[in-house]
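Below is one structure, written out as structure tokens; comments come after it.
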Amino acid sequence: MDGFLVAFAISFGVIFVAELGDKSQLMALTFATRYRALPVLTGITIATAVVHAVSVAVGYGLGAALPTGWIALIAAIAFVGFGAWTLRGDSLTDSEQEKAEKSTRSAVVAASVAFFLAELGDKTMLATITLATQHGWFGVWLGSTLGMVVADALAIVVGRQLGRHLPERAIKFGASILFFVFGLWLLADATEQLSGRPAWDVVATALDHHAAGWIALALGLLAVVVGGIGRRRALRRAEHPPVLATAGVVGSPAWWARVLFGISLVLGLAAPLLVAADVIQPIALFSDPGVVVVGAGLMLLGVALLLAAQAQIGSARRSAGEAGSVPALATEGIYSRVRNPGFTGMVVAIAGTLLMAPTLVGVLATVLVVVAVQIQARAVREPGLAQAHGEAYADYVERTGRFLPRLRRAVPPARPGLPDEHPERLRVG
């Protein structure tokens, strides 16, 4: 009985999460605009029960033929793939939209056929196959079927109301994170089964300073490439704004910032390469697998901040329609709390590299990028935006932090001759 409940609960949760934002929910919403909810849900239940019965049969057969350790490893990879698939998003094809909108047959038959064809090869079918390799077939079949039906019912009943209040990205990212968590959990289980040792012991053994150096170098190169692509996309429809006009003047603050950025980039990539090649040894105090994992997380977080900042700046430039004449002022998203989130991302990313391959070269690279960021923000970007936007930028400065969100909103200075009613002023960033 316990095995059935575990299989049912896991399958229900996984498939329910997989359906959030999936095309099946979109089809359910479309059908519900033409038919009553109950016949549509009946058709969805029939189609789902058949598709998932086939999925469970396939998964059960694989589970009997393959060792459990390799099954867990394949499942981990599959769930990471499901997370990426969910992160990419889903949409109805033209044929699926036509089936949902123009069907003239009864709601039950129309919904059954449309959902059966839509679910063949979909990620929920693949997830059900994966779950059936790990757990009892009946619990997986019942849980996965009910999980999908409940998710689609949720879309029909409250989808429109939720869509007005919950950002689509938040739902999509939440579902993706849950898939990644399931994937990591299964990966740890597979590692323990295949090696006969705790997963963290295997990771600690594998993550010596050579491996950490190569991983840090690979992530650093990936960050440079992705950051460069993101910057090109952000500037695709805009020339460099006047705030960067002095970048080519030798000795100007913008020039010094670019030089320091370049040097720190070279040193930041050289440090893990030298560690990986055994040219220099990492600082022993920080040479620990746990520190390496934290460093990798910081690097990925920094790159994510940088890309998000670039995307919002590009959007602000396109919306303003003033490219090449006035630098755009982004005040939405992460810019609503921080004025320079891209620069914060740079510092966090290179700090992550330093933790993965802790050397004096990496320390120097981190110091240089901090100095470059300070020059670029204080002496180049912010003065240029203040000159271009005047009072609007002054108001924006009052409610945001330079590199980190403010803990408390700033208050205006006291007027001459009047007592200061707000002596406590605390700014962060």
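A few remarks follow.
- In region 118-161, residue surrounded by the fewest Cβ atoms within 10 Å (Cβ to Cβ) [restricted to those that are under 15 Å from A9 (Cβ atoms), modelled with pLDDT of 80 or more and not hydrophobic (A, V, I, L, M, F, W, C)]: G139
- The set of residues from region 291-310 being under 14 Å from the mean Cα position of the chain (by Cα) and surrounded by fewer than 22 Cβ atoms within 10 Å (Cβ to Cβ) comprises G297, L298, L300, L301, A304, L305, L307, A308.
Residues are listed down the side, and each one gets a yes or a no for (1) modelled with pLDDT of 90 or more; (2) not polar (S, T, N, Q):
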| position | (1), (2) |
| --- | --- |
| N340 | yes, no |
| P358 | yes, yes |
| A372 | yes, yes |
| Q376 | yes, no |
| Q387 | no, no |
| D395 | yes, yes |
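- Here the condition is being at pLDDT 85 or above and surrounded by 10 or more Cβ atoms within 10 Å (Cβ to Cβ); of E382, E391, it holds for E382 alone.
- For region 368-406, the candidate set comprises residues that are within 30 Å of L207 (Cα to Cα) and touching a residue at least 24 places away in the same chain (Cβ under 8 Å); within that set, the residue that is farthest from the chain's Cα centre (by Cα) is L368.
- Region 267-290 residues that are among the hydroxyl-bearing types (S, T, Y), paired with ones that are assigned to a loop (DSSP other than H, G, I, E, B) (beta carbon under 9 Å, 6 or more apart): S287/D208; S287/Q281; S287/P358
The values are calculated or read from the model by the stated rules, or taken from the named source; none is laboratory data. No experiment lies behind these values; they were computed from the predicted model shown. Here Cβ is always computed from backbone atoms with ideal geometry, including for glycine, and neighbour counts include all displayed protein chains.
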